[in-house]
Amino acid sequence: MSPAIEITGVTKRYGDLTALDNVGFDVAEGEMFGLIGPDGAGKSTLYRILATLTAPDSGTAAVCGLDTVKDYSRLRTMIGYMPERFSLYQDLTVSENLQFFASLFGVSIKENYDIIAPVFAQLERFPDRKAGALSGGMKQKLALSCALIHRPRILLLDEPTTGVDAVSRSEFWDMLSTLREKGITILVSTSYMDEATRCERIALIDKGKILRVNTPEGLVAGLDENLYNASAYRMFELLTRLRQLPEVDDCYTFGATLHVVGRKGFDQVAVCQKLQSEGLEDVRVYPAQGDIEDLFIKLTR
Ligand code: ADP
């Protein structure tokens with residue numbers, strides 16, 4: 001079976017800036033695939049290419065076996081694209097927005113209601129509310145309903161959870177799992193590393209380059225070996241001191257603690273005692289579990 005999305009050697013420049021640099025990866029039919037990277041990594045540029053809104057300078061991208069440049073008009077009916085900024089018409093109501101997108105694709109809401117039902121259910125109570133007056137989480141559900149109403153085979157979601165509260169974010173990922181079970185292929189981007197684990201495979205992207213493609217588990221395998229948590233009463237002093245130690249390869253803030261990458265022979269007890277003897281209070285150093293964020297730091301430093 002050919003991949004649902006096939007990206008080969010895609011490069012895109014804006015003047016002197018290379019937004020995408022020889023990008024390539026495949027997304028399988030029915031897969032939930034994540035594109036993970038910080039702001040400015042090139043995610044939206046890649047989405048615009050896949051959504052047939054711009055062409056690569058070199059390389060090719062195919063969606064459902066159709067070339068995004070040559071076959072753009074056939075392709076547009078097969079993809080549902082939710083851009084990073086809300087695609088909704090703020091002055092139109094919930095039902096008017098949905099009706100507008102349905103009529104763009106020549107479908108009726110009734111015939112395709114089953115596909116949007118898991119997402120739209122919570123919006124049914126406010127059919128006459130203007131999109132601009134909805135909360136962030138509700139806007140996101142309406143935008144997703146509008147992207148789905150023509151029953152696309154592929155969903156392209158560009159940072160759908162940015163700026164949305166934690167509960168709505170979690171609900172949103174549950175809805176994506178439901179859509180995936182219906183057989184829709186999903187390419188979703190995020191700059192929240194914790195969301196990566198909700199995908200079957202992910203590509204890490206930074207400065208226009210794909211750094212790694214793997215399952216979330218495959219990516220973090222082996223990261224724990226020399227990784228430690230560290231904390232002390234005076235955290236900044238701890239960070240500075242740890243960075244000076246020859247047995248420390250790297251040290252960075254990680255949530256409320258520090259993560260320390262030890263070199264071969266790193267001894268957590270000895271390090272702890274040494275720092276205490278130098279006057280740092282309440283020093284703790286203990287093994288940490290590595291995640292995608294640790295890998296990102298490792299690959300981009
Ligand atoms: P992301 O979605 O990961 O934040 P983008 O694809 O939006 O990244 O941007 C990648 C890089 O390309 C950034 O440096 C951005 O400033 C630049 N860029 C994006 N769109 C344009 C454009 N239309 N003109 C010039 N530069 C752009």
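The values are calculated or read from the model by the stated rules, or taken from the named source; none is laboratory data. As the structure is a prediction and not an experimental result, all values here were calculated from the model. Glycine also receives a Cβ, built like all others from the backbone with ideal geometry; neighbour counts cover every protein chain displayed.
Gly65 meets the conditions (1) more than 15 Å from Val10 (Cβ to Cβ); (2) crowded, with 18+ Cβ neighbours inside 10 Å in every case but one. The failed one is (2).
Of the residues making up region 43-65, not a single one is closer than 23 Å to Lys139 by Cα, at pLDDT below 95 and of a type in the set (D, E, K, R). For first residues located in region 215-241 and within 18 Å of Ala203 (Cβ to Cβ), partners that are polar (S, T, N, Q) and lie 6+ apart or on another chain with Cβ distances below 7 Å form the pairs Pro216/Thr197.
State all residues of region 1-20 that are within 16 Å of the ligand (Cβ to nearest atom) and surrounded by 16 or more Cβ atoms within 10 Å (Cβ to Cβ); if no residue qualifies, say none.
Initial filter on region 1-20 (within 16 Å of the ligand (Cβ to nearest atom)): 7, 10-20.
Across region 1-20, the qualifying residues are Ile7, Val10, Lys12, Thr18, Ala19, Leu20.
Residues in region 38-61 that are more than 8 Å from the ligand (Cβ to nearest atom), in a loop (DSSP other than H, G, I, E, B), in contact with a strand residue (DSSP E or B) (Cβ under 6 Å, 6 or more places away or on another chain) and among the aliphatic types (A, V, I, L, M): Ala51 only.
Return the residues of region 262-290 that are surrounded by 15 or more Cβ atoms within 10 Å (Cβ to Cβ) and outside any loop (DSSP other than H, G, I, E, B); say none if nothing qualifies.
Filtering region 262-290 down to residues surrounded by 15 or more Cβ atoms within 10 Å (Cβ to Cβ) leaves 262, 266, 268, 271-272, 274-275, 280, 283, 285, 288, 290.
Hits for region 262-290 are Gly262, Gln268, Val271, Cys272, Lys274, Leu275, Val285.
Screening region 1-26 for residues that are of a type in the set (A, V, I, L, M, F, W, C) and in contact (Cβ under 8 Å) with a residue 40 or more places away in the chain and picking the one that is nearest to Asn214 (Cα to Cα) gives Phe25.
Would you check if there is a residue in region 77-86 being more than 16 Å from Thr8 (Cβ to Cβ), among the basic types (Lys, Arg) and exposed (fewer than 15 other Cβ atoms within 10 Å of the Cβ)? Yes, region 77-86 contains at least one residue that is more than 16 Å from Thr8 (Cβ to Cβ), among the basic types (Lys, Arg) and exposed (fewer than 15 other Cβ atoms within 10 Å of the Cβ). When Lys182 is tested against the conditions (1) at pLDDT 95 or above; (2) among the basic types (Lys, Arg); (3) closer than 21 Å to Glu29 by Cβ, the lone failure is (1).
Leu204 - would you say it is in contact with a helix residue (DSSP H, G or I) (Cβ under 9 Å, 6 or more places away or on another chain) and either on the phi > 0 side of the Ramachandran plot or at pLDDT 95 or above (or both)?
Yes, satisfied.
What do you reckon, is Phe100 under 20 Å from His150 (Cβ atoms) and at pLDDT below 95? In short, no. Candidates are the residues of region 191-202 that are within 16 Å of the ligand (Cβ to nearest atom) and either in a strand (DSSP E or B) or among the charged types (D, E, K, R) (or both); the one that is surrounded by the fewest Cβ atoms within 10 Å (Cβ to Cβ) is Glu195.
Exactly one residue out of Ser95, Ser108, Ser73 is away from the ligand (no atom under 16 Å from the Cβ), at pLDDT below 95 and of a type in the set (Gly, Ala, Ser): that is Ser73. Summed over region 157-190, the residues that are more than 16 Å from Leu46 (Cα to Cα) and either in a loop (DSSP other than H, G, I, E, B) or among the hydrophobic types (A, V, I, L, M, F, W, C) (or both) give a count of 15.
Checked against (1) of a type outside the set (S, T, N, Q); (2) in a strand (DSSP E or B); (3) within 12 Å of the ligand (Cβ to nearest atom); (4) in contact with a Pro (Cβ under 6 Å, 6 or more places away or on another chain), Leu35 passes all but a single condition, namely (4). Suppose the filter is away from the ligand (no atom under 16 Å from the Cβ) and in a loop (DSSP other than H, G, I, E, B); does Asp26 pass it? Here the answer is no, as Asp26 does not meet what is asked. Screening Leu157 with (1) modelled with pLDDT under 90; (2) within 16 Å of the ligand (Cβ to nearest atom); (3) out of contact with any Gly (no Cβ under 8 Å at 6 or more places or on another chain) gives one miss only, at (1). Can you tell me which residue in region 247-261 is surrounded by the most Cβ atoms within 10 Å (Cβ to Cβ), limited to those that are within 17 Å of Gln276 (Cα to Cα) and not β-branched (Val, Ile, Thr)? My answer is Leu258. Taken together, the criteria place Gly34 among residues that are surrounded by 15 or more Cβ atoms within 10 Å (Cβ to Cβ) and closer than 20 Å to Glu200 by Cβ.
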